[in-house]
Structures are given as structure tokens and as C-alpha cells.
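Below is one structure, written out as C-alpha cells; the observations come after it.
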Amino acid sequence: MKLHITPGSPYARMARIVVLEKGLGGKVEVVLAKTRTPDSPYYAVNPSGRVPFLELGDGAGFEDSPLICRYLDALDGKPALHPAADDWEMLRIEAMARSMLDGLSVWGREIIYRAEPMRSQPILAHEAARALRLADAFEKETANPALAGPLNIAQITLGCALDGPNAPKLCGQEWRASRPKLAAWTETIVARPSFAATKPPPPKPH
């Protein structure tokens, strides 16, 4: 199998972390995809051009990080990172974490891919406010078993949000000093070898 990624994508990073945590390096080859480029050969592999994409080797493949992560987790027949269908608490935390990750990605794309005069200030302000509200919410959740227990997909998602290309700030905003529990939680998870090995490069603004 081939996992097509870009180094700065937090969604691709989630899949890469699952590969490392599950010890799948011998089964999954990580391949750099050339995106946002006309006529990229990657588009023949995945017509949408998005990452990550898991190429299965038989002409088929999976797009969408939740689907890829779940598939990789189940390869050994012993899924350990994903909740049971009725584990509503972990599913709730995962949904919150994905909301934060999605908002930060929107903010990041606005900064990275648009020259300053073209940036939407309302979008930047909206996502910045959302990020801080969610940081406040997660400050109250650090003792939740979904975040304090064994590594799971909710923790991986939140870790990738808080340790993204624009870290240590959230949408350019300082957040750690007033949220010490979440800051400590973040330091713990990003110290894992899988997070250290997949740390995104610093962004290159337009």
C-alpha cells in the first residue's frame, strides 16, 4: 500500500501517526504527493488531488483521513485507536477535536495561499474566535478518559490540531498561559515518537 501525503497536511499527519503507532511501516509506503500543481501525476492516482490518499495496490484506494485511519487501525484485526460504535463520549471528543482541526486548516489556508490584501479578515477573525472557544472547552476536558486514557483517534486529532504548522499559537493567538492543563496535555502527546517524526514544517506564507 502507498499512503500519499504532503508534509504540512494535518490530515495526512493523522494517518502517518496511525501507521507508526500500529507498526505498519513494512506494509505502508509513505509517498509525497504533488498537489496544487496543474497536470500533477498524482491526479491520476487520486482525481480529487487531496491528501491523504491510501492506494491499495489493486487500482482502488481510500480518500478521507477518518476512513484511512480506521482502515489502518483495523489491518491487524485488533483495532485499538478507534471507539466502539456506542462510545459516545469518545465520539463527542473526537468531533470537537475535528471541528478545531478543520477551523485551523481554514485559517491556515487563508494565510498560506492568499497574499495579504486578498485575505478575508472576517474568515480569519471567525476561525480565531472558534479556536480559542474550543481551547477553553478542552481545558475542562483534559481529565476526560477520552483524553487521559490510552492513545486513541480523538487524542491524535486534537494533538494534530494543537501542534499544527502554525503552532505554538492558534490562529496567531497565544493560548497556553491561560489554559495550563491543555498546554501540559499537548506537551505530553507531542513528545510521542510518532508525533515527533511527523512534525510539519513551518508554513511559508504567500
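Read-outs: derived from the displayed coordinates by stated rules, not from any lab. Predicted, not measured: the structure shown is a model, and the values here were computed from it. Using ideal geometry, Cβ is built from the backbone for each residue, glycine included, and neighbour counts are taken over all protein chains shown.
A few comments on the model shown:
- Tensor-based shape of segment 2-74 (alpha-carbon gyration tensor, a/c under 1.5 rounded, otherwise prolate or oblate): prolate
- Note on LYS181: aspartates and glutamates with a C-alpha under 19 Å away, same-chain residues under 8 apart excluded, are GLU94, ASP136, GLU139, GLU141, ASP163.
- Computed over neighbours whose Cβ is under 14 Å from that of GLY25, the net charge equals +1, Lys and Arg +1, Asp and Glu -1.
- Value of D in µm² per second that Stokes-Einstein yields for segment 88-196, Kirkwood Rh from Cα pairs, at 25 °C (0.890 mPa s): 173
- Segment 2-74 - share of DSSP beta bridges that are antiparallel (%, nearest 5): 60
- Distance from segment 40-63 to segment 82-160 (C-alpha centre basis), Å: 26
- Segment 1-61: trypsin sites (Lys or Arg not before Pro) falling in loop per DSSP and having at most 10 other Cβ within 10 Å: ARG36
- Computed from backbone phi, the HN-Hα couplings of segment 46-53 come to 9, x, 6, x, 8, 10, x, 9 Hz, rounded to whole numbers (Karplus: 6.51 cos²θ - 1.76 cosθ + 1.60, θ = phi - 60°; Gly and Pro given as x).
- Working from the Cα coordinates of the chain, the gyration tensor eigenvalues give, after taking √(5λ), semi-axes of 26, 24, 14 Å in decreasing order.
- Checking the cross-link pairs LYS22/LYS199; LYS34/LYS169; LYS27/LYS78; LYS2/LYS199; LYS2/LYS169 against a 22 Å limit on the alpha carbon distance flags LYS34/LYS169; LYS2/LYS169 as lying beyond it.
- Helical runs (DSSP H, four residues minimum) scored at -39500 (n - 2.57) apiece and divided by the length of the chain put the mean residue ellipticity at 222 nm at -15000 deg cm²/dmol.
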